[in-house]
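What follows is a short report on a single structure.
The values are calculated or read from the model by the stated rules, or taken from the named source; none is laboratory data. It should be emphasised that the depicted structure is a prediction, and the values quoted were computed from it without experimental measurement. Here the Cβ positions follow ideal geometry from the backbone for every residue, glycine too, while neighbour counts run over all protein chains shown.
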Amino acid sequence: MQSKILSSTQTRLTLEDLLQRNKEWVTKINKENPSFFENLSKGQKPKFFFLGCVDSRKSLNFITQTDLGQLLIQRNIANQANPEDKSIQASIEFALFLEVNHIVVCGHTQCGGVALAHTCATQPPTDSLKEVKEWVRPIVKEFQDHSNEFDNLKTDDEKLTHLSKLNCLAQLKNICQTPAMQKAFESRKYPELHAWIFVMETGLIESLELPVTQWKAEGILPQSYPN
Ligand SMILES: [Zn+2]
């Protein structure tokens, strides 16, 4: 499958190819499991909600080898959970309504949104990509708030990966502060929280340690949250 994707990128993949692949996929599934689509259409009960980046190299279903119906996913540039973004608030509310067991913010290395934020924080301003720069402004602030942590990091890759990790944790913190999560915390019925980084250079996912004690002290997490 992977080689198929890579070779398709190298050749010229057309829309007709995509439609043809869809038909081939349906034929294959129907052969293996004739009731697959009938069952799929009956409803969803995903256990996981993911907030991920739009990057085309990171399909969450693909990298976790999960099927349709198993992951509830929201994606935007650099996996932002901006408190003013109604879309994320509604998605979290919906995820809790569906009673997901886990909420995961999944960033990645080589993230263009994170790199742009780093450029904004360290280079003179330019006129390009104004909307995207506005969108990633919280990551610029994250860099500025933690600027001392970057002093010992030598390469740009190390700096950007560290910024991606800080960004993931900051967005998970934002999710905790959405009205729906606050309500869930009060009811003591809430999902586990996770921050992941997909390391594009290896394909492996790194799970980040959450500062649970600190977040409890700040009132971000309830005292009942497991340490
Ligand atoms: Zn990205």
task: Count, please, the residues in the range 185-210 that happen to be surrounded by fewer than 19 Cβ atoms within 10 Å (Cβ to Cβ) and part of a strand (DSSP E or B).
output: 5
message: Please determine whether any residue of the range 28-44 is over 19 Å from Gly69 (Cβ atoms), out of contact with any helix residue (DSSP H, G or I) (no Cβ under 6 Å at 6 or more places or on another chain), of a type outside the set (A, V, I, L, M) and at pLDDT 95 or above.
response: yes
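Return yes when Glu218 is at pLDDT 95 or above, surrounded by fewer than 20 Cβ atoms within 10 Å (Cβ to Cβ) and closer than 20 Å to Phe150 by Cβ and no when it is not.
Numbers: at pLDDT 95 or above: yes; surrounded by fewer than 20 Cβ atoms within 10 Å (Cβ to Cβ): yes; closer than 20 Å to Phe150 by Cβ: no.
The answer is no for Glu218.
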message: Looking at the structure I just gave you, is Arg21 basic (Lys, Arg), assigned by TED's automatic domain parsing to the domain that holds Leu208 and either at pLDDT 95 or above or away from the ligand (no atom under 16 Å from the Cβ) (or both)?
response: no
- request: With a cut-off of at least 1 residues that are among the hydroxyl-bearing types (Ser, Thr, Tyr), out of contact with any helix residue (DSSP H, G or I) (no Cβ under 7 Å at 6 or more places or on another chain) and more than 14 Å from the ligand (Cβ to nearest atom), name the helices (runs of 4 or more DSSP H) lying wholly within the range 64-171.
  value: 86-97, 112-122
